[in-house]
Amino acid sequence: MGNQESSVLFSLNELMNMEQERIQKESDAKRAAEEAAMQARAAEEQRAREEEERRLREAAEQQRVNDARSREEAARLEAIRHGELEKARLDAENRARIEQLSRLQDHERQLHSLSQDKQKKKLLQIAIGLGVFFVIFAIGAGVVIKKNLDEKEAFQAQMQQLVADRADIESKMKNASAEDRKRYQDELDAKEKAIQNLQDHPTEAKAAAAKPVSRPSGPTGPKAPSKPKEQCQPGDPLCGGLN
């Protein structure tokens, strides 16, 4: 009888141990499933955050590129507009000079037709003086036109160089590190400031570009023979001004 009770107690203990082991396994499985679910949720949240950060970075970069293109296009259009205005001004000045030269030539021809008597001879001397003035004026007009064209070309070249430098810096910034990006940003700000200053003060830029290059002093060749002094008639008030 005692052996049967011992056997029954042993069986009950085995059953209880098996039940506790089953309960423990279920608890462990449940805890493992919960931990796996938490890790999956954390990974999904991390992925979502990284995706959002990437999207924001790409949007910011695209906005910066669009802004840079807009600034570059605005600067290019401003340079073109300024060049057209400058060309129109130069054309108007050239037309005015040509009209003035034409009037001087007409006046010279009219005076030349009156060169038959003494009074006409004096008028001829005046016409000669006007001819000299015409030559000097034409030379001066050519110098002014050449100077204005050189200034306009220098301004456009400087503006185009600044715009190209700015575009090159912006291109380098795309794949640059954070440290290099700050340096590139400083360079980009300097280019932007230079472009704005050039647009606000085009006259100063032209004056800087038009500074004459120093040339070595010294003899440049044999001296031309002096012009013989013109013989003036007594009482001619215009003769002295033509020498």
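Every number in this text was worked out from the coordinates using simple rules, so none of it is lab data. Note that the coordinates shown come from a computational prediction; the quantities given were computed from them, not determined experimentally. Reconstructed Cβ throughout: ideal geometry from the backbone, glycine too, with neighbour counts over all protein chains shown.
Some observations on this one:
- Once the C-beta distance of Ala167 and Lys147 is scaled by a Förster radius of 35 Å, the resulting FRET efficiency is 0.70 to the nearest 0.05.
- Here the convex hull built on the C-alpha positions of the stretch 12-208 has a volume of 110 cubic angstrom per residue.
- Between the stretch 143-198 and the stretch 48-114, the Cα center-to-center distance that results, in Å: 16 Å
- Using a Förster distance of 35 Å, the FRET efficiency for Glu51-Arg81 (Cβ separation, nearest 0.05): 0.20
- Entry note, the stretch 12-208: relative contact order of 19 percent, from Cα contacts under 8 Å with a spacing of 6+ residues.
- Computed extension length for Glu187-Asp91: 30.7 nm, one decimal, from 0.36 nm per residue of separation with the Cα-Cα distance subtracted.
- More than 16 Å apart - percent of Cα-Cα pairs taken over the stretch 1-101: 81 percent
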